[in-house]
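FYI, it's all coordinate maths here, none of it is from the lab. As the structure is a computational prediction, the values presented were derived from the model and not from experiment. Counting neighbours? That spans all protein chains shown, and the Cβs are built from the backbone with ideal geometry, glycine included.
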2 protein chains.
Amino acid sequence: MAAWSERILIEKIRKSCKKKDKGLLKSIGDDCCEVVAPGPFLISTDSLVDGIHFDRGFHSAHLLGRKSIAVNLSDIAAMGGTPRFILLSLCLPADLEWEWISSWLDGVLEILHEFDCILIGGDTVKAKELVFTVTVLGEPAPTGAIYRNTAGPGDSIWVSGTLGSAGAGLQLLRNKQNPQNKVLFDGLEVLLAAHLDPAPQVELGLKLAASGMVTAMQDISDGIATDLAHICKASQVSAYVEANALPFLPELPLAAAVLEVDVESLILRSGEDYQLVFTVKNGVEAEFLKELETYSDTLMKIGEIRAGQGVFLQRKDGETEEISFQGYEH
Amino acid sequence: MAAWSERILIEKIRKSCKKKDKGLLKSIGDDCCEVVAPGPFLISTDSLVDGIHFDRGFHSAHLLGRKSIAVNLSDIAAMGGTPRFILLSLCLPADLEWEWISSWLDGVLEILHEFDCILIGGDTVKAKELVFTVTVLGEPAPTGAIYRNTAGPGDSIWVSGTLGSAGAGLQLLRNKQNPQNKVLFDGLEVLLAAHLDPAPQVELGLKLAASGMVTAMQDISDGIATDLAHICKASQVSAYVEANALPFLPELPLAAAVLEVDVESLILRSGEDYQLVFTVKNGVEAEFLKELETYSDTLMKIGEIRAGQGVFLQRKDGETEEISFQGYEH
């Protein structure tokens with residue numbers, strides 16, 4: 001297999017940068033690119049390092065390309081914005097196969113196309129270690145971006161979908177690497193897919209922001225125990241979460257049994273689900289549910305914001321346990 | 001020496017992100033930061049890899065912090081823009097000393113302060129290899145950004161200052177590493193400084209853009225043979241440069257003699273001077289020089305744009321040599 005060449009890679013990137021957009025004044029091929037929007041820009045940048053943030057043994061190049069972008073789109077979704085433009089900074093080992101990086105880029109371009117988002121520039125350098133740095137620019141909803149520091153006592157707490165799936169998927173993939181473990185994946189593919197190809201909640205994030213009823217929001221990348229704690233810390237409030245309200249896929253208990261781990265721990269503490277956790281103004285629940293009717297199958301109210309600080313889990317037996325910042329650490 | 005800790009590093013970054021600015025709606029501490037400008041944003045992102053783009057044996061952490069930002073500010077200068085906001089994505093080896101990265105960050109903050117530019121966010125990850133990825137956002141002059149693809153036949157070609165200094169400085173530093181070479185640096189410090197602490201031409205770039213007389217521009221990062229070729233390729237024109245018009249520091253010939261290299265080659269082909277090369281509309285030279293009077297000591301007219309393609313060097317004896325894309329490759 002031939003190694004990549006900078007000339008051919010840049011040619012491929014240049015071709016894909018030719019897409020026109022009224023907000024894009026200058027694309028790749030100058031000292032800077034130039035973009036314009038009617039209002040503010042949301043910006044996020046993240047580096048994904050080989051062996052730390054991803055495992056090429058688990059991920060095909062194509063799915064990893066998709067995920068490299070998905071995790072950044074999720075940051076825009078978490079503010080209720082629309083992703084618009086992407087810059088890539090690629091650190092590539094000299095011996096990386098051309099087929100691999102070409103397939104990675106195809107995955108990148110596929111998901112960008114799905115979200116009507118454009119690659120506008122970046123940088124390619126030779127390095128010992130494979131690192132993808134993605135910078136994403138998005139536009140907040142006309143009603144404004146949703147921050148973390150604006151939740152208030154009395155607000156209800158919601159999640160956009162099931163938790164623990166991606167974490168279970170990652171552990172199943174790791175388990176499979178050990179030849180002593182003969183894990184049956186039959187029926188658990190949905191969990192593997194949650195880790196390998198997460199879906200950023202862009203459309204929902206935008207609807208939530210536009211509703212005018214969401215007070216604070218963020219995405220769940222490190223597990224709800226940590227991500228909800230970020231909202232609480234920024235807003236100087238506490239959160240009380242009902243254990244039996246936390247949504248999970250029907251496949252999760254079987255996976256937990258196979259992995260010999262606790263279902264509840266997977267739900268609370270495992271990362272990379274890229275669902276949204278958000279708070280809704282007190283007293284508008286009926287109106288909110290009507291507005292978000294198309295999402296009624298997946299949205300789940302899980303608790304309440306109160307005065308004080310910390311994130312607490314409440315069990316049916318009345319027991320309360322603090323779980324702040326107990327999530328996944330990369 | 002103690003290794004860095006993510007918590008202490010992020011605390012230091014957070015403190016420096018507290019600066020307020022009317023264009024900054026949300027700084028570090030949320031899923032995204034949020035910025036707004038009256039017009040477009042210029043954006044550039046670059047990764048600097050240890051051992052490829054810099055040598056920690058030559059660079060103090062502090063000067064490397066300054067340079068990590070300077071090369072990005074130069075991209076904004078090359079469009080005639082004002083740098084406004086910076087995002088950092090840091091890949092740091094686990095055993096990197098805290099004092100080193102703290103001093104690097106001090107260098108970053110020092111140059112940001114000098115250019116009235118603000119750190120607004122980023123990402124910190126553990127990695128095997130030290131990589132700094134800097135994303136800079138700037139605002140073009142009200143008269144508009146200056147691109148590479150807008151030079152026309154008859155335009156004169158100018159540079160903002162002396163060439164070859166940083167390249168000579170780098171070679172002198174490399175030479176010093178070899179214990180067999182006893183290089184005297186007396187009187188050559190200015191060349192070392194040109195490599196170690198380059199000055200991005202932001203103020204001048206803005207004045208050039210505002211003059212309305214500059215047709216195309218870019219910064220000289222890979223040597224004028226390559227960087228002028230980028231303008232020519234993008235604008236579909238050719239450039240004729242007079243060899244005896246190329247400006248260089250009086251110290252350069254001595255350095256070339258010490259290094260046993262050709263002075264002309266240093267001037268044309270060595271990188272990282274971060275001067276500007278630009279073209280001025282035909283027939284406005286007197287007006288242009290009056291407008292840029294304060295820079296009359298450093299601005300130098302070096303040639304002319306013509307139809308055709310390629311970059312050509314013209315010597316006094318009438319000899320013409322093509323030099324397109326003969327510059328420095330990282």
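General remarks:
- Checked against the criterion of being touching a residue at least 24 places away in the same chain (Cβ under 8 Å), surrounded by fewer than 19 Cβ atoms within 10 Å (Cβ to Cβ) and facing chain B (nearest Cβ under 8 Å), the candidates A:Ile52, A:Ile43 yield just one match: A:Ile52.
- Filter result for A:Ile28 (at the interface with another protein chain (Cβ under 7 Å from one of its Cβ atoms), more than 30 Å from A:Gly212 (Cβ to Cβ) and hydrophobic (A, V, I, L, M, F, W, C)): no
- The criterion of at least 2 residues that are among the hydrophobic types (A, V, I, L, M, F, W, C) and within 14 Å of chain B (Cβ to nearest Cβ) is met, among strands (runs of 3 or more DSSP E) falling completely within the range A:69-175, by A:81-92, A:118-126, A:131-140.
- Among the residues examined, A:Gly327 does not qualify as closer than 14 Å to A:Ile157 by Cα and either of a type in the set (Asp, Glu) or assigned to a loop (DSSP other than H, G, I, E, B) (or both).
- Residue under evaluation A:Val36, criteria (1) surrounded by fewer than 18 Cβ atoms within 10 Å (Cβ to Cβ); (2) more than 13 Å from chain B (Cβ to nearest Cβ), criterion not met: (2)
- Residues in the range A:186-203 that are of a type in the set (Gly, Ala, Ser), farther than 18 Å from A:Ala77 by Cβ and in a loop (DSSP other than H, G, I, E, B): A:Gly187 alone.
- Test: residue in the range B:9-31 that is in a strand (DSSP E or B) and either crowded, with 21+ Cβ neighbours inside 10 Å or of a type in the set (Val, Ile, Thr) (or both): yes
- Scanning the range A:288-330 for residues that are under 20 Å from A:Glu203 (Cβ atoms) and more than 27 Å from the chain's Cα centre (by Cα) returns no hits.
- Within the range A:82-139, the set of residues being touching a strand residue (DSSP E or B) at 6+ places or on another chain (Cβ under 9 Å) and charged (D, E, K, R) comprises A:Arg84, A:Asp95, A:Glu97, A:Asp116, A:Asp123, A:Lys126, A:Lys128, A:Glu129, A:Glu139.
- Selection within the range B:47-68 - over 19 Å from B:Leu191 (Cα atoms) and in a loop (DSSP other than H, G, I, E, B): B:Gly51, B:Ile52
- Search result, residues across the range A:159-174 that are surrounded by fewer than 24 Cβ atoms within 10 Å (Cβ to Cβ) and not hydroxyl-bearing (Ser, Thr, Tyr): A:Gly161, A:Leu170, A:Gln171, A:Leu172, A:Leu173, A:Arg174
Conditions (1) crowded, with 19+ Cβ neighbours inside 10 Å; (2) at negative phi, marked per residue:
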{"position": "A:Asn72", "(1), (2)": "yes, yes"}
{"position": "A:Asp75", "(1), (2)": "yes, yes"}
{"position": "A:Gly80", "(1), (2)": "yes, no"}
{"position": "A:Gly107", "(1), (2)": "yes, yes"}
{"position": "A:Leu119", "(1), (2)": "yes, yes"}
{"position": "A:Lys126", "(1), (2)": "no, yes"}
{"position": "A:Phe132", "(1), (2)": "yes, yes"}
{"position": "A:Thr143", "(1), (2)": "no, yes"}
